[in-house]
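As C-alpha cells, the structure follows; a few thoughts come after it.
The values are calculated or read from the model by the stated rules, or taken from the named source; none is laboratory data. No experiment lies behind these values; they were computed from the predicted model shown. Backbone-built Cβ (ideal geometry, glycine too); neighbour counts: all protein chains shown.
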Amino acid sequence: MSGKADVQPSGPRLWRNSKMIHVLSNGACNEYRGRAAKEAIISRLTDWPEARRVATEICDFYGEYLQHHEDTALSSSHYEIELQHEPIALQYARIELQLGTLRTAEALLHELLHLNTRMRGYPIGEKFWIPSELDRYAHHISAIYPIIGNLLEHELIIDVFLGLGFDKANFLGCLSPAPDYQHLASKFKVSLGFREEIGFSWWCLEYFRHWVSTRHWVGDEADIYADSALYWGSKVYPGLQDAAKQIRQLIESGAIQDSKQYPFHVNTLLRFMKVPKFTEWASIKTGGYGKPRAIRLTQKVDDWMSHHCSRLMDNRAEEEKH
Ligand SMILES: [Zn+2]
C-alpha cells in the first residue's frame with residue numbers, strides 16, 4: 001500500500017463496478033429489462049447454439065435484475081453491476097451492446113461472460129481506503145480499480161469464450177492506444193514530487209493494461225505498447241522493472257483463477273502497483289430463479305487471509321528447518 005501505517009485513511013470509498021456509461025444520443029437504440037432483455041440477448045446469438053445455452057443460464061441467474069441496452073451510437077460495449085452498499089444489495093446487472101460492428105455476437109458474449117464471473121464465484125472488490133496524504137489523487141486512484149478489474153476478468157473469461165467456438169481475434173474490439181510515453185517521461189522532474197499523470201501506479205497500470213492484453217489480443221500492438229510503457233516508465237521509476245516482473249509472474253501463475261483466493265491475489269496485484277487494496281468484497285449468490293443476492297464477504301476474506309498467512313508462515317518455518 002502506498003499509505004504509511006501511521007496515516008489515517010480519509011474514509012471509506014466505494015467502487016461501483018462500472019465502466020463508462022454512455023449518454024444516449026440520437027442513434028438507433030433499444031432498452032430491455034428482465035425477460036425482454038433475455039429475449040433480445042438470445043436473438044443476437046442465433047448462429048451460436050452453445051453461446052445461447054450459456055447466455056440463457058446467465059440471463060436466468062440475473063432474472064429481473066438484468067438490463068440490456070443496444071445502441072449504434074456506443075463507441076464500444078460495456079457491462080455494469082450496480083450494488084447498493086448499506087445494506088448491501090444488487091441493484092442491477094446491465095449490458096450495453098454496441099451495434100453496427102462485425103462482432104456483435106462476440107461483443108455480447110464477451111460482456112455476458114463478465115457477468116458470468118459472479119456466478120462462478122468471483123467476488124467484487126467493494127470498498128477501499130485511500131490514505132489522507134493521497135486524498136487529492138482520490139479521483140485518479142478510484143478510476144484505476146474498474147480498469148484493473150476488467151482486465152483481470154479477461155483472464156477469467158477468455159478460455160470460456162474460445163471454448164464456445166469464438167475466434168480470439170474477436171475477443172476484444174480494440175485496444176486503448178498508448179499515449180506518448182517518451183514525452184510523458186521527459187516531463188518528469190523529481191523535484192515536482194508525485195504527479196498525477198505519471199505516478200508509479202499510473203506507469204504500472206499502463207504497463208499492465210498493455211501486457212495483459214498481449215494474452216487476449218491477436219497482433220503485435222499490445223506487445224509494442226507494453227515495451228514502450230516499461231522502457232519509459234523505468235526511466236522515471238526504476239522500480240517499475242521489478243513491479244512488472246512481479247505482475248507478470250502473478251498473472252502467468254494462473255493463481256487468480258481460483259475464485260476463493262481471488263481477493264487475496266487481486267490485493268497482491270494492487271500492492272505491486274502501490275494502489276490501495278480492497279478492504280471489503282461482495283459476492284453475488286443465486287437466491288433461486290432470477291433472484292440474485294449480493295453478500296458481503298469481509299469476514300470470509302479475512303478468515304481466508306489469516307489462514308493463508310499462517311499457512312505461509314508454517315511453510316516458511318518448515319523450510320527453515322531443512
Ligand atoms: Zn471485457
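List of remarks:
- Any chance ARG120 is of a type in the set (Lys, Arg), surrounded by fewer than 23 Cβ atoms within 10 Å (Cβ to Cβ) and under 26 Å from ASN267 (Cα atoms): yes
- Candidates are the residues of the stretch 130-184 that are at pLDDT below 90 and either within 16 Å of the ligand (Cβ to nearest atom) or among the charged types (D, E, K, R) (or both); the one that is farthest from the chain's Cα centre (by Cα) is GLU133.
- Each residue in the stretch 259-301 was checked for being among the hydroxyl-bearing types (Ser, Thr, Tyr) and over 26 Å from ASP60 (Cβ atoms), and 3 of them qualify.
- Taking every residue in the stretch 26-37 that is surrounded by fewer than 14 Cβ atoms within 10 Å (Cβ to Cβ) and pairing it with any residue that is at pLDDT 95 or above, at least 6 positions away or on another chain, the pairs with Cβ-Cβ distances below 6 Å are ASN30/GLU70.
- Residue within the stretch 227-250 that is among the polar types (S, T, N, Q), loosely packed, with under 14 Cβ neighbours inside 10 Å and out of contact with any Ser or Thr (no Cβ under 6 Å at 6 or more places or on another chain) present: yes
- Against the list (1) more than 25 Å from TRP48 (Cβ to Cβ); (2) in contact with a His (Cβ under 7 Å, 6 or more places away or on another chain), the condition GLU153 fails is (1).
- Residue list for the stretch 92-104, restricted to those being surrounded by 14 or more Cβ atoms within 10 Å (Cβ to Cβ) and not acidic (Asp, Glu): TYR92, ALA93, ARG94, ILE95, LEU97, GLN98, LEU99, THR101, ARG103, THR104
- The residue that is surrounded by the most Cβ atoms within 10 Å (Cβ to Cβ), counting only those in the stretch 47-75 that are modelled with pLDDT of 95 or more and of a type in the set (Ser, Thr, Tyr), is TYR62.
- Restricting attention to the stretch 95-126, the residues that are away from the ligand (no atom under 16 Å from the Cβ) and over 30 Å from TYR289 (Cβ atoms) total 2.
- The number of residues in the stretch 53-79 that are away from the ligand (no atom under 16 Å from the Cβ), among the hydroxyl-bearing types (Ser, Thr, Tyr) and under 22 Å from the mean Cα position of the chain (by Cα) comes to 2.
- Enumeration of residues in the stretch 80-89 that are more than 16 Å from the ligand (Cβ to nearest atom) and not polar (S, T, N, Q): GLU82, LEU83, HIS85, GLU86, PRO87, ILE88, ALA89
- Subset tally (residues that are aromatic (Phe, Trp, Tyr) and either in a strand (DSSP E or B) or modelled with pLDDT under 95 (or both)) for the stretch 103-129: 2
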